[in-house]
Amino acid sequence: QNLEVRYEDPRAELTQGTGATIVGGMRIGSLLVRAQRYNGEKSMQEELRTAGSWRTAQMVLQPSQEEDHSSPSKGVRLVLSAARTSAYWNIYDGTAAGMVASRQSRYSDKLVEGSGVNIASFLRENARVRFKERARLALCNAVESRMVGDRGRSPAREFARRLRDRVAAHKYVVLPFNYSLHAVVTPPSPQNSFTEEGLQPFVPHVDLDLRVDTVSVLPDVAQLRSVSLLIDYVKRWTKEDKHFQWKPPPANRGGASPHARWAYALQRVLFSIDSKAAWNTLTLIDLLRRGRLVTEYTRALTLSEHCDQEYIALLQVGLATDEVLRLRKDAAMIRAAKEDEKES
């Protein structure tokens, strides 16, 4: 319950010196994921359905009389249900009132090392704030439905939107909505074919049923502008991170060889000529460089008697984040295998 991913800009770095701070994110009130083996029995038809009924003609594998129901399952039935999914993007101006509101809504000032925050009190306070927010939104929705009714677009709808921006704790880009996904995944079956008796009922290999409530998307120009700035920043950061991976380690760590310095200089020169070109020379050099880094990084991680954390940190600067995670997972498996061998 209460899953939330947040972006906070307390230093107003994204708003380019205007002094406005940003607190944005995505929130899921509750998420249910449930899976169950599916062997085609009719008695299992309604077990995982949270709304409506499974489409029997497409969902149920009709078992034959000779079939052993104790055999392994024929597939998997999956239910994913999410409630109160929303996205918000709050822009606080540089005034005194805006700075106070921004400070109260941020987590970065509370969840820092040495702040002395009580996690249990922090979670209870967040639960109280979420309950009040749900009550505010329910009130706004009731006012909007009463004012707008069946008249469609009208000045009343704009009034309801402004009321929601004033009353609600967040300025929503996507208002809270619910959705559910039901799926049945079955292996290929010989029943999906022509037989002497005729065409057997068709049973799809994958059958999905997605139900989504009304989704209200309400971004304004300021929100779209700041989101565009954030996307541009991520693109620049990704590009510069790839360039930074070429930078050789300091000389005292044995990484500043003439070859490494030459490769880094060549990379910078060629990218300054054309940053979008696929330079064949750099591709070959990068393959060799990454191969040496992967080998050395894996060796440093799998040393059971001593791990030089500073050296490991220097090596992983030259690798992509997904590659670092994969190598760390592989190294953990190697260390676990070594420990099992010692115990045996």
**Request:** Would you check which residues across the range 164-181 are assigned to a strand (DSSP E or B) and of a type in the set (A, V, I, L, M, F, W, C) and list them?
**Result:** V173, V174, L175, F177, L181
**Message:** So, in the range 254-269, exactly how many residues are under 20 Å from K235 (Cβ atoms) and exposed (fewer than 14 other Cβ atoms within 10 Å of the Cβ)?
**Reply:** 1
**Item:** Number of the exception - A127 against (1) of a type outside the set (K, R); (2) open to solvent by 40 Å² or more (accessible area, probe 1.4 Å); (3) in contact with a helix residue (DSSP H, G or I) (Cβ under 9 Å, 6 or more places away or on another chain)
**Value:** (3)
**Message:** Regarding the range 239-254, can at least one residue be identified that is assigned to a helix (DSSP H, G or I), under 33 Å from the mean Cα position of the chain (by Cα), without any contact (Cβ under 8 Å) to a residue 12 or more places away in the chain and within 30 Å of L80 (Cβ to Cβ)?
**Reply:** no
**Request:** Scan the range 270-285 for residues that are assigned to a helix (DSSP H, G or I) and open to solvent by 40 Å² or more (accessible area, probe 1.4 Å) and jot them down.
**Result:** F271, S272, I273, N280, T281, T283, L284
**Prompt:** Scanning for something in contact with a strand residue (DSSP E or B) (Cβ under 9 Å, 6 or more places away or on another chain), open to solvent by 50 Å² or more (accessible area, probe 1.4 Å) and not aromatic (F, W, Y), does the range 226-235 turn up at least one residue?
**Reply:** yes
**Request:** Starting from residues that are of a type in the set (A, V, I, L, M, F, W, C) and open to solvent by less than 100 Å² (accessible area, probe 1.4 Å), keep the ones in the range 198-220 and report whichever is modelled with the lowest pLDDT.
**Result:** V203
**Asked** Condition test on K239, is it at pLDDT 80 or above, over 30 Å from I91 (Cβ atoms) and surrounded by 11 or more Cβ atoms within 10 Å (Cβ to Cβ)?
**Response** no
**Request:** Kindly provide the set of residues from the range 169-181 that are surrounded by 19 or more Cβ atoms within 10 Å (Cβ to Cβ) and under 18 Å from A222 (Cα atoms), ordered by number.
**Result:** H170, K171, Y172, V173, L175
**Boolean, A160 is open to solvent by less than 70 Å² (accessible area, probe 1.4 Å) and either at pLDDT 80 or above or within 29 Å of the chain's Cα centre (by Cα) (or both)** = no
**Fill in**
Counting only residues that are part of a helix (DSSP H, G or I), open to solvent by less than 40 Å² (accessible area, probe 1.4 Å), free of Cβ contacts under 8 Å to residues at least 60 places away in the same chain and in contact with a helix residue (DSSP H, G or I) (Cβ under 6 Å, 6 or more places away or on another chain), the range 299-326 contains a total of 4
**Asked** Residues in the range 131-141 that are among the charged types (D, E, K, R) and either open to solvent by less than 50 Å² (accessible area, probe 1.4 Å) or farther than 15 Å from R84 by Cα (or both): how many?
**Response** 1
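The values are calculated or read from the model by the stated rules, or taken from the named source; none is laboratory data. No experiment lies behind these values; they were computed from the predicted model shown. Counting neighbours? That spans all protein chains shown, and the Cβs are built from the backbone with ideal geometry, glycine included. The accessibility values were calculated without ligands, DNA or RNA, using every heavy atom of the protein model including side chains. Shrake-Rupley method; radii C 1.70, N 1.55, O 1.52, S 1.80 Å.
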